[in-house]
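The block underneath contains the structure these notes are about, expressed in structure tokens.
The values are calculated or read from the model by the stated rules, or taken from the named source; none is laboratory data. A quick note: this is a predicted structure, and the numbers were derived from the prediction, not measured. Every residue, glycine among them, receives a Cβ derived from its backbone with ideal geometry; neighbour counts consider all protein chains shown. Protein only, heavy atoms only, side chains kept; ligands, DNA and RNA dropped before computing areas. Shrake-Rupley method; radii C 1.70, N 1.55, O 1.52, S 1.80 Å.
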Amino acid sequence: MTLPMILTWGRIAIAPLFFLFFELADARGAPLLVGVWATFLLIELSDLLDGHFARSRRQESDLGKVLDPFADSLSRLTYFVAFAGARIMPLWILLILIYRDITVAYIRVMVSSSQVLMPARLSGKLKAWVYAFAGGCGIVVLSVRKLGLFLDYASLIQGIAFVLFILAALVALWSLADYAVFFLKNFRKSS
């Protein structure tokens, strides 16, 4: 078990903990926000580090190439589901993010079955950054609600979060189109 794999498996394990802390913090209040922030930061930090360590230590593996996008989807969709459930993010944006991830996962399966290498796309990497910023802003909205701080700026903070959620949806659609075009071009070559 390499360090990148430990980080990836850790991200998979932490995703349900994030949801648990989020639900408890939303229902019971401020002290549990520490768990929300800690699990969110662990998710994002592990995503940043697992790829870095895999490349720098030459510990890339076929299993890691499959599990890393799965861990990303599982963890990030977990916090977007929590945001939609708490009415921090509109449900229609959540659907776009879910549809994108399911479709790209299906494309990955199809590509792997036709022996075509599907490298990470720039759109997917940018999506990860936008999702991270949108996720952090969603937690800021929850924190403002639960702590009662910066109430004069609550609507501004919610507006910024909404813009980031819209941006996440747009980047998700771009990424979906990017992966779909790559698939169609390369699938035709291999069939």
Value of [θ]222 nm, deg cm²/dmol, for the chain, DSSP H segments ≥ 4, -39500 (n - 2.57) each, nearest 500: -30000 deg cm²/dmol
Accessible surface, per residue, of segment 77-191 when the full set of protein chains is kept, probe 1.4 Å, Å²: 54 Å²
Which trypsin sites (Lys or Arg not before Pro) does segment 63-109 hold that lie in a coil by DSSP with at most 12 other beta carbons within 10 Å? ARG87
Given a 1.4 angstrom probe, I'd like the percentage of the accessible area of segment 88-191 that is carbon and sulfur, rounded to a whole number. 73 percent
Label-point separation (nm) for GLN115 and ILE98, each offset 7 Å from Cα along Cα-to-Cβ? 3.7 nm
Gain on full stretching of the segment that runs from ARG57 to ALA180 - 0.36 nm per residue minus C-alpha separation: 41.2 nm
Considering the convex hull of the alpha carbon atoms of the chain, report its projected area averaged over all viewing directions, in nm², one decimal. 10.9 nm²
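Work out how much length LEU91 to TRP9 would gain on full extension: take 0.36 nm times their residue separation and subtract the Cα-Cα distance, in nm to one decimal.
Full extension of this stretch gives 26.7 nm more.
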Estimate the FRET efficiency between TYR106 and LEU156 by the formula 1/(1 + (r/R0)^6), using the beta-carbon distance for r and 30 Å for R0, to the nearest 0.05. 0.15
